[in-house]
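Quick notes on the structure that follows.
The values are calculated or read from the model by the stated rules, or taken from the named source; none is laboratory data. All values derive from a computational prediction rather than experimental measurement. Here the Cβ positions follow ideal geometry from the backbone for every residue, glycine too, while neighbour counts run over all protein chains shown. These accessible areas exclude ligands, DNA and RNA; they are computed on the full protein's heavy atoms, side chains included. Shrake-Rupley method; radii C 1.70, N 1.55, O 1.52, S 1.80 Å.
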Amino acid sequence: MAIAKKPKNNYINNPELHAQLVKHLEGIAKADAEGVQRPRCPDSIGLAIWLVAENLGKKLNFCNYTFLEEMKGDARENCIKYVHTYNPKYKNPHAWLTKITWQAFVRRIQREQKEQYIKYKLSSSDPSIAHTPEMHQHMSSIVEKFEKKSVKEPKKSGLEKFTEDESSPNN
């Protein structure tokens with residue numbers, strides 16, 4: 001007895017969205033040629049952008065962040081801002097929107113981590129603020145991780161790599 005596969009729940013119709021994006025790009029090109037204001041992004045494209053941000057926000061990578069709504073807002077803003085850069089040669093607008101959304105989510109996480117680092121760094125250096133030992137340890141570990149991550153070693157040139165390999169005791 002064969003097990004029936006569950007049908008995919010595609011919330012975006014790629015060929016339809018592609019056609020709408022191509023039509024919108026033609027409108028943009030025409031407006032630019034005539035020197036008039038660019039047309040407003042159609043609601044159907046806006047809905048697709050909204051759905052991509054909502055569904056990507058449900059992934060385990062992102063769903064537990066307290067600033068998830070800010071992440072989604074950044075993603076929607078970036079998608080609308082760069083909709084004119086869509087390349088009609090590629091026929092997968094869902095993947096294109098997902099990539100923009102993913103990158104916006106990551107940028108927001110990095111921004112929030114930097115803000116948290118600044119807040120904890122200032123708070124830990126202020127002796128008038130009392131913290132529990134657990135909170136102090138948590139803040140110190142976040143500050144330490146951020147500082148370690150932000151310090152990058154300079155890249156070695158080919159000659160430095162070569163001389164380092166020659167002077168190693170294993171050779």
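Keeping all protein chains in place and using 1.4 angstrom, which order do Cys79, Cys41, Cys63 fall into by accessible surface area, from largest down?
Of Cys79, Cys41, Cys63, the descending order of accessible area is Cys63, Cys41, Cys79.
If the chain between Lys30 and Glu144 were fully stretched, how many nm would it gain, using 0.36 nm times the residue separation less the Cα-Cα distance?
Extra length available between Lys30 and Glu144 comes to 35.7 nm.
For q values of 0.20 Å⁻¹, compute log₁₀ I(q)/I(0) with the Debye formula on a Cα-only model of the stretch 1-101, without solvent.
The Cα Debye sum returns log10 ratios of -1.01.
Find the accessible area per residue for the stretch 51-106; the probe is 1.4 Å, ligands and nucleic acids are left out, and the unit is Å².
Using a 1.4 Å probe on heavy atoms only, each residue of the stretch 51-106 averages 57 Å².
Treat every Asp and Glu Cβ in the stretch 1-127 as -1 and every Lys and Arg Cβ as +1, leave all other atoms uncharged, and give the resulting dipole magnitude about the Cα centre to the nearest 20 debye.
480 debye
Using a 1.4 Å probe on the protein heavy atoms, what percent of the accessible area of the stretch 32-145 belongs to carbon and sulfur?
55 percent
Could you state how much accessible area Asp43 has, in square angstrom rounded to the nearest 10, with a 1.4 Å probe and all protein chains kept in place?
Rounded to the nearest 10, the figure is 110 Å².
How do the peptides 123-129, 18-24, 106-112 rank, highest first, by the average count of neighbouring beta carbon atoms within 10 Å per residue?
Result, highest mean Cβ count within 10 Å first: 18-24, 106-112, 123-129.
At a Förster radius of 41 Å, what calculated FRET efficiency corresponds to the Cβ-Cβ distance of Asn14 and Lys121, to the nearest 0.05?
Efficiency at R0 = 41 Å is approximately 0.35.
My understanding is that a pair violates if its Cα-Cα distance is over 26 Å; which of Lys30/Lys58; Lys72/Lys114; Lys119/Lys148 do that in this structure?
As for pairs spanning more than 26 Å Cα to Cα, those are Lys30/Lys58.
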